[in-house]
């Protein structure tokens, strides 16, 4: 067994409740559950940014392109609320079939 180092942490009450249940159901200590969870997190090598800079750049570019477009011209509505409601009732009401 490798050398263990003691760490104290604070967790939320809801986390404690879930931690106890998981540890009991698996027949291991709460510390073992925490170590396993830490191993999973540490598998991701290096620092992971809280956000993906490349994704944000794609979003920024998309918004810029959308701003360049002309506004959508308003159109006259060719439906009524009652028509939509009637159509919905026909499609979803099991008693009408």
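Among the residues making up the range 78-97, those that are surrounded by fewer than 10 Cβ atoms within 10 Å (Cβ to Cβ), assigned to a helix (DSSP H, G or I) and at pLDDT below 90 are 91, 92, 94, 95, 96.
A quick yes/no check of all residues on (1) in a loop (DSSP other than H, G, I, E, B); (2) modelled with pLDDT under 95; (3) surrounded by 10 or more Cβ atoms within 10 Å (Cβ to Cβ); (4) under 27 Å from the mean Cα position of the chain (by Cα):
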residue	(1), (2), (3), (4)
35	no, yes, yes, yes
46	yes, yes, no, yes
51	yes, yes, no, yes
56	no, yes, yes, yes
67	no, yes, no, no
70	yes, yes, no, no
76	yes, yes, no, no
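The values are calculated or read from the model by the stated rules, or taken from the named source; none is laboratory data. The structure displayed is predicted, hence computed values, not measured ones. In this analysis, Cβ positions are derived from the backbone assuming ideal geometry, glycine residues included, and neighbour counts consider all displayed protein chains.
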